[in-house]
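Please read the structure below before turning to the comments.
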Amino acid sequence: MFDDAESRKPVHAAHQIGQDLAALSVSDLDERIASLRREIARLEEDKRRKQASQEAARAVFKF
């Protein structure tokens with residue numbers, strides 16, 4: 001009787017850069033923005049750790 005396509009739609013689909021945003025609600029956009037901000041923070045933290053490791057290695061091998 002009812003089309004259950006909406007019920008099969010993933011609740012939190014992964015965001016793809018450049019994807020069409022027309023079908024997303026304001027709430028969906030807010031969730032994706034928050035998710036992307038968390039991912040950016042995670043990437044920046046990993047970058048800081050790797051830079052610190054590289055600097056420590058340079059200091060060890062610099063005589």
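Out of all the residues in region 50-60, is one or more open to solvent by less than 80 Å² (accessible area, probe 1.4 Å) and within 15 Å of the chain's Cα centre (by Cα)?
no
Cβ-Cβ below 8 Å, separation at least six or inter-chain, first residue in region 21-39 and part of a helix (DSSP H, G or I), second open to solvent by 70 Å² or more (accessible area, probe 1.4 Å) and not acidic (Asp, Glu): which pairs?
Leu29/Leu21; Glu31/His12; Ser35/His12
The values are calculated or read from the model by the stated rules, or taken from the named source; none is laboratory data. Not measured: the values here are computed from a predicted model. As a convention, Cβ positions derive from the backbone with ideal geometry for all residues, glycine included, and neighbour counts pool all protein chains shown. Areas reflect the complete protein model, heavy atoms only, side chains present, ligands, DNA and RNA absent. Shrake-Rupley method; radii C 1.70, N 1.55, O 1.52, S 1.80 Å.
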